[in-house]
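K.L.:
Below are the structure tokens for one structure; questions will follow.
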Amino acid sequence: EVQLVESGGGLVKPGGSVRLSCVASGFGFDYTWMNWVRQGPGKGLEWVGRIRSKREGRTADYTAPVKGRFTISRDDSKNTVFLQMDGLKSEDTAVYYCMTVLSNCSGAVCYRYDYWGQGALVTVSS
Amino acid sequence: IAMTQSPVTLSVSPGESATLSCRVSQSVDTDLAWHQQKPGQSPRLLIYRASTRATGIPARFSGSGSGTEFTLTISSLQSDDFAIYYCQQYRTWPLTFGAGTKLEIK
């Protein structure tokens, strides 16, 4: 069974930092891209960033509002992906979800499976 | 890529059908997914590749469209279907979601 479990959220002051962790199980973490998606209070979903697998250099992409402030990394030995958030602003207040997209192919047909964690609340307030 | 969903809120009676729209600012071919989210829950994938139902999704959910215009149709609405629905393109980074359509009971 695929599971994604986030931890590390909480109340942070503007300008502060917090690191979220997401422990994965039930699939081949090493070769899977991992994503972070956030949802502000009463708002829609926003893709934060993604990190490629080791085979693809563990490089990461970020959405413009967080670029230069957020860093995604991974520890494949611990099946864990991290979201380091620095220079936090009030508009970063959100539930942060760890998620991944898996593909299972049978012949020429591939099936997509999305898995989400339960979310970690980060509140940026003085 | 900007995503525009309409309507913002849709009121429908159980047993009826609902049609939700998603317009994309530039062509994504069929690289579009639909997600359902209920209060306090993580999103759930319903449709990918514009029209392919995800595993375990009932046949009353159907997706159509390509390029810039997409539709999610839910037939014979059940009480469990009242939720917020998001379209999402995965053609180009950054991946983007629409603002959502809230489907509520009439």
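The values are calculated or read from the model by the stated rules, or taken from the named source; none is laboratory data. These figures come from a predicted structure and were not determined experimentally. Here Cβ is always computed from backbone atoms with ideal geometry, including for glycine, and neighbour counts include all displayed protein chains. With ligands, DNA and RNA removed, areas are computed over all heavy atoms of the protein, side chains included. Shrake-Rupley method; radii C 1.70, N 1.55, O 1.52, S 1.80 Å.
K.L.:
What spacing in nm lies between the two simple spin-label points modelled at residue B:52 and residue A:3, each 7 Å away from Cα in the Cβ direction?
P.N.:
So the label points at residue B:52 and residue A:3 sit 2.9 nm apart.
K.L.:
If you roll a 1.4 Å probe over the range B:35-106 with all protein chains in place, what percent of the accessible area is carbon or sulfur?
P.N.:
The computed percentage sits at 47.
K.L.:
For the range B:26-106, what does the accessible surface come to per residue with a 1.4 Å probe? Please give it in Å².
P.N.:
Ligands and nucleic acids excluded, the result is 42 Å² per residue.
K.L.:
Can you compute the modelled spin-label distance between residue B:64 and residue A:30, with each label point 7 Å from Cα toward Cβ, in nm?
P.N.:
About 4.6 nm, to one decimal.
K.L.:
Next question. Which of the residues in the range B:60-106 lose at least 40 Å² of accessible area when you go from the chain alone to all protein chains together (probe 1.4 Å)?
P.N.:
B:86, B:93, B:95, B:97
K.L.:
Then there is this: Interface size between chain A and chain B, please: total buried accessible area, 1.4 Å probe, rounded to the nearest 100 Å².
P.N.:
On the way: alone 6870 and 5550 Å², together 10810 Å².
About 1600 Å² of accessible surface is lost on pairing.
K.L.:
Separation of the range A:65-126 and the range B:57-106 by C-alpha centroid, Å?
P.N.:
22
K.L.:
Also, I was wondering about something else. Label point 7 Å out from residue B:8 along Cα-to-Cβ: which residues of the range A:45-74 have amide N under 16 Å?
P.N.:
Residues A:45 fall inside that zone.
K.L.:
What is the spin-label model distance, in nm, from residue B:38 to residue A:113 if the labels are put 7 Å beyond Cα along the C-beta direction?
P.N.:
For residue B:38 paired with residue A:113, the spin-label model returns 2.1 nm.
K.L.:
Treat every Asp and Glu Cβ in chain A as -1 and every Lys and Arg Cβ as +1, leave all other atoms uncharged, and give the resulting dipole magnitude about the Cα centre to the nearest 20 debye. It would help to have the intermediate numbers written out before the result.
P.N.:
Values: 15 positive and 12 negative charges, 54 e Å.
Once rounded to the nearest 20, the dipole reads 260 debye.
K.L.:
Of the lysine pairs in the protein assembly as shown, how many meet both conditions: Cα atoms under 21 Å apart, and a spacing of 8 or more in sequence or different chains?
P.N.:
The result is 10.
K.L.:
Using a 1.4 Å probe on protein heavy atoms, which residues of the range B:19-48 have at least 20 Å² less accessible area in the complex than alone?
P.N.:
B:35, B:37, B:42, B:43, B:45, B:48
K.L.:
As a test question: what accessible area, to the nearest 10 Å², does residue A:2 have when a 1.4 Å probe is rolled over all protein chains in place?
P.N.:
30
K.L.:
Any chance you could check the range A:96-118 for residues losing 50 Å² or more of accessible area when the partner protein chains are in, compared with the chain on its own (1.4 Å probe)?
P.N.:
Listed in order, they are A:112, A:116.
K.L.:
Would you rank B:69, A:6, A:91 by solvent-accessible area, highest first, keeping every protein chain in place and using a 1.4 Å probe?
P.N.:
Values: B:69 90, A:6 10, A:91 120 Å².
From most exposed to least exposed: A:91, B:69, A:6.
K.L.:
Taking the solvent-accessible surface of protein heavy atoms with a 1.4 Å probe, what is the per residue accessible area of chain A in Å²? Display every interim value, and only then the final one.
P.N.:
Working: 6090 Å² over 126 residues.
With the other protein chains kept in place, chain A gives 48 Å² per residue.
K.L.:
Whenever you get a sec, compute what percent of the accessible area on the range A:42-99 sits on carbon and sulfur atoms (1.4 Å probe). Don't jump to the answer; show the numbers that get you there.
P.N.:
Details: 1210 of 2630 Å².
With neighbouring chains kept in place, the figure for the range A:42-99 is 46 percent.
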